[in-house]
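The values are calculated or read from the model by the stated rules, or taken from the named source; none is laboratory data. Given the structure is predicted, the values throughout are model-derived calculations rather than measurements. With ideal geometry, Cβ positions are generated from the backbone for all residues, glycine too; neighbour counts draw on all protein chains shown.
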Amino acid sequence: MSIIFSGIQPSGNLTLGNYLGALRNFSKMQDGNECYYCVVNQHAITVPQDPKLLHERTRALAAIYIASGLDPEKSTLFVQSEVPEHALLGWIMMTQSYVGELERMTQYKDKASKRGDSIPAGLLVYPPLMAADILLYQTNYVPVGDDQKQHMEITRDLAQRFNRLYGEVFTIPDIYLGHDGTRVMSLQEPTKKMSKSDDNTTATIYLLDEPKAIEKKIKRAQTDSENSVHYDRENKPGISNLIEIFSAVTDRTHEEVETAYAGKGYGAFKKDVAEAVIAALEPIQARYAQLVNDPELDEILDKGAAKAHAKASETYEKVVRAMGLNRK
Ligand code: AQP
């Protein structure tokens, strides 16, 4: 049995990238493992958020977790801000981090470059908070998309640094990557990842998009002029992205997809990609609609926060003692 932790920010409407890269792996791991899945709302406030929207999206994200197959009887589902040890250990991990290593993070550089002179300090210290999230549960595996590799490396570095200085407190976690869909790209700029905060909404498939919208976005997805369904990430990023999406939702290899569409052209392929994505999202959307306003969701999150707190406080207590922060 392994301990699994992962989180998603309620910083926008969830995308097909969040689903294929992260969410759908969560439910696959819940049998035989001890799983903690978190709505990381304290990460979301590393950039400004509208309080009303943040509140709504936190609840919506929890409902999407369950709608995507997470079983609250098997996994612990909770909201980050309701387990205070995340912020407490987050501060301690910040004190163990170097400004230079934080400034080298690609996500920090990307997000900071869009904010002129007013770069929130929270963007810089995002990785030590993420490290705290993971280390509190003595996590073995973290299912995340490929874009989080660098943050996972710094998490491991911080854990190893801490253990060297203060004794063996933390388990060193490993990243868990699925197969296809670990980096779903923008439909309009396929060299950039699909992101919930992209201003161009035609570039992104949202999990709650209507079938018509999905069809339209895939039809308009940027490809090339060759009209040949062939996987080549470097030279044909648009069509390769669609092949990856199609492979991921239909459980087929790239080769099988290439063979099936040999000589068929992009129009027919895009139509089938859209149908497959719509079919994959339909049951999630139906379950989400039932759950989002159900008081049962609050019960699940209350129980989840209590269970997560019980586990997190054990680790936090060890950290406090190891560092001499205890009085008695
Ligand atoms: N395009 C993607 N392909 C595969 N996986 C992805 N993930 C995100 N985008 C893709 C995975 O989703 C999980 C949750 O991500 P997050 O909420 O922590 O934020 P993020 O990675 O920064 O995702 P976004 O959509 O780009 O959010 P914003 O725009 O708010 O920054 C992670 O496991 C991530 O790998």
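Of the numbered criteria (1) more than 14 Å from the ligand (Cβ to nearest atom); (2) more than 20 Å from residue 127 (Cβ to Cβ), the one residue 62 fails is (1).
Is it true that some residue in region 11-18 is within 14 Å of the ligand (Cβ to nearest atom), touching a Pro at 6+ places or on another chain (Cβ under 9 Å) and not in a loop (DSSP other than H, G, I, E, B)? Don't jump to the end; show me each part of the working.
First, pick out the residues of region 11-18 that are within 14 Å of the ligand (Cβ to nearest atom): 11-18.
With the extra rule that they be touching a Pro at 6+ places or on another chain (Cβ under 9 Å), the set shrinks to none.
Within region 11-18, not a single residue is within 14 Å of the ligand (Cβ to nearest atom), touching a Pro at 6+ places or on another chain (Cβ under 9 Å) and not in a loop (DSSP other than H, G, I, E, B).
Each residue in region 92-123 was checked for being more than 15 Å from the ligand (Cβ to nearest atom), in contact (Cβ under 8 Å) with a residue 24 or more places away in the chain and surrounded by 12 or more Cβ atoms within 10 Å (Cβ to Cβ), and 7 pass. Per this entry, residue 289 is counted among residues that are out of contact with any helix residue (DSSP H, G or I) (no Cβ under 7 Å at 6 or more places or on another chain) and assigned to a helix (DSSP H, G or I). Filtering region 138-170 to residues that are touching a Lys or Arg at 6+ places or on another chain (Cβ under 8 Å), in a loop (DSSP other than H, G, I, E, B) and within 16 Å of the ligand (Cβ to nearest atom) leaves only 145. Would you call residue 284 touching a strand residue (DSSP E or B) at 6+ places or on another chain (Cβ under 9 Å), of a type in the set (Val, Ile, Thr) and modelled with pLDDT of 95 or more? Answer is no for this residue.
Out of the residues in region 124-138 that are farther than 21 Å from residue 19 by Cα and not hydrophobic (A, V, I, L, M, F, W, C), state the one that is surrounded by the fewest Cβ atoms within 10 Å (Cβ to Cβ).
Residues of region 124-138 that are farther than 21 Å from residue 19 by Cα, as a first pass: 124-129, 131-132, 135-138.
From what is left, the residues that are not hydrophobic (A, V, I, L, M, F, W, C) are 126-128, 137-138.
On the way: 126: 25, 127: 24, 128: 22, 137: 24, 138: 19.
Going through the qualifying residues, I end up with 138.
Based on this model, can you work out whether residue 279 counts as over 30 Å from residue 74 (Cα atoms) and within 24 Å of the chain's Cα centre (by Cα)? Here the answer is no, as residue 279 does not meet what is asked.
With the condition kept exactly as written, say whether any residue in region 237-246 is farther than 26 Å from residue 28 by Cα, more than 11 Å from the ligand (Cβ to nearest atom), assigned to a loop (DSSP other than H, G, I, E, B) and not assigned by TED's automatic domain parsing to the domain that holds residue 10.
So in region 237-246, the residues farther than 26 Å from residue 28 by Cα come out as 237-239.
Among the residues that remain, those that are also more than 11 Å from the ligand (Cβ to nearest atom) are: 237-239.
Remaining after also requiring assigned to a loop (DSSP other than H, G, I, E, B): none.
No - not one qualifying residue is present in region 237-246.
Output the residues belonging to region 197-244 that are β-branched (Val, Ile, Thr) and either farther than 19 Å from residue 20 by Cα or buried (at least 17 other Cβ atoms within 10 Å of the Cβ) (or both).
Applying the first criterion (β-branched (Val, Ile, Thr)) to region 197-244 yields 201-202, 204-205, 214, 218, 223, 229, 239, 243.
Of everything in region 197-244, those that are β-branched (Val, Ile, Thr) and either farther than 19 Å from residue 20 by Cα or buried (at least 17 other Cβ atoms within 10 Å of the Cβ) (or both) turn out to be 204, 205, 214, 218, 223, 229, 239, 243.
Scanning region 197-209 for residues that are of a type in the set (Gly, Ala, Ser), in a loop (DSSP other than H, G, I, E, B), in contact (Cβ under 8 Å) with a residue 24 or more places away in the chain and within 14 Å of the ligand (Cβ to nearest atom) turns up at least one hit.
Residues of region 42-59 being in a helix (DSSP H, G or I) and either closer than 20 Å to residue 110 by Cα or not assigned by TED's automatic domain parsing to the domain that holds residue 113 (or both), which ones?
First, pick out the residues of region 42-59 that are in a helix (DSSP H, G or I): 42-44, 51-59.
Result: 42, 43, 44.
All conditions but one from (1) within 13 Å of the ligand (Cβ to nearest atom); (2) in contact with a helix residue (DSSP H, G or I) (Cβ under 6 Å, 6 or more places away or on another chain); (3) not in a helix (DSSP H, G or I) apply to residue 129; the one that does not is (3). Among residues belonging to region 171-190 that are within 12 Å of the ligand (Cβ to nearest atom) and of a type in the set (Val, Ile, Thr), point out the one that is modelled with the lowest pLDDT. Within region 171-190, the match that is modelled with the lowest pLDDT is 182.
For region 92-126: of the residues being in a helix (DSSP H, G or I) and in contact with a Pro (Cβ under 7 Å, 6 or more places away or on another chain), which is farthest from residue 161 (Cα to Cα)? Filtering region 92-126 for residues that are in a helix (DSSP H, G or I) and in contact with a Pro (Cβ under 7 Å, 6 or more places away or on another chain), the one farthest from residue 161 (Cα to Cα) comes out as 102.
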